[in-house]
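Student: Mind looking over this structure? Questions follow.
No lab work stands behind these numbers, since they all come straight from the coordinates. Given the structure is predicted, the values throughout are model-derived calculations rather than measurements. A quick note on method: Cβ atoms are made from the backbone with ideal geometry, for glycine too, and the neighbour counts reach across all protein chains shown.
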Amino acid sequence: MRTQYSQLVKAPRERVFEALTDYEAIPTWDRVVFKRITVTERGPNTATLDADVRFMGMKMRRTERHVLTPPEKIEVDGSVRDAINTTVWTLSTTPEGTILAAQLEVEFKGLLKLLQPLAERRMRNLLPEWMRELASYVEAKQPS
């Protein structure tokens, strides 16, 4: 499954990039996916994460490896039980703030492969929902 989505965030892209890479803070504002995130390794332009996520009513352990190109791109390889994915996040400056775009590719296996039509629909709804949550969080942190 492949999908893409973009979201306007009314904030400078450096601030959006910072929010996307402040991994430990994500569970504090994200009501959609992440319940816990631990950074297990951090390099100058990489991060490896161990997380607990919710998907289709199931709690799952997730691992992610991020390659960072500040402040314009983050490449993510992730996996949960029965699915692997790649996501490329790009951040473009506009007069209104930042266009955050995600290109997501997911391969379902096992139980999720059996439920693929439902899993795909949920994933296609989950991505924009998560991006709206991020935009609200970043915009609320704007200086007055």
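Student: Working only with C-alpha atoms, what are the Rg and Dmax values of the chain, expressed in angstrom?
Tutor: Radius of gyration, then largest Cα-Cα span, for the chain: 14.8, 49 Å.
Student: Next question, about the same structure. When only Cα pairs under 8 Å and 6 or more residues apart are kept, what is the percent relative contact order across segment 2-140? Display every interim value, and only then the final one.
Tutor: Values: 272 pairs, mean separation 41.2, N = 139.
Averaging sequence separation for qualifying contacts and normalising by length gives 30 percent for segment 2-140.
Student: Which of Val106, Tyr137, Leu8 sits closest to the plus end of the dipole of the chain, meaning its Cα is farthest towards the positive end, when Lys and Arg get +1 and Asp and Glu get -1 on the C-beta?
Tutor: With unit charges placed on the Cβ atoms, the residue in question is Val106.
Student: Can you give me the orientation-averaged projected area of the convex hull built on the Cα atoms of segment 89-144, in nm²?
Tutor: On the way: hull surface 19.5 nm².
So the mean shadow area of the Cα hull is 4.9 nm².
Student: Take Arg81 and Asp50, extend 7 Å from each Cα along the Cα→Cβ direction, and tell me the distance between the two endpoints in nm.
Tutor: For the pair Arg81/Asp50, the computed spacing is 1.7 nm.
Student: Here's something else I'd like to know. Among the lysines, which have Cα under 20 Å from the Cα of Lys109 when same-chain residues fewer than 8 positions away are ignored?
Tutor: Lys59
Student: Can you list the residues of segment 50-82 with backbone N under 19 Å from a point 7 Å past the Cα of Lys113, pointing along Cα to Cβ?
Tutor: Residues 78-82 qualify, since their backbone N sits under 19 Å from the label point.
Student: So how much slack lies between Asn125 and Thr38, counting 0.36 nm per residue of separation and subtracting their Cα-Cα distance, in nm?
Tutor: Values: separation 87, 0.36 × 87 = 31.32 nm, distance 2.53 nm.
Here the answer is 28.8 nm.
Student: Once fully extended, how much extra length lies between Ser6 and Thr28, figured as 0.36 nm per residue of separation less the alpha-carbon to alpha-carbon distance? It would help to have the intermediate numbers written out before the result.
Tutor: On the way: separation 22, 0.36 × 22 = 7.92 nm, distance 2.24 nm.
Here the answer is 5.7 nm.
Student: In addition: Go ahead and estimate [θ] at 222 nm for the chain from helices alone: -39,500 (n - 2.57) per DSSP H run with n ≥ 4, summed, over the residue count, rounded to 500. The partial results should precede the final answer.
Tutor: On the way: 4 runs with 43 residues, N = 144.
Rounded to the nearest 500, it is -9000 deg cm²/dmol.
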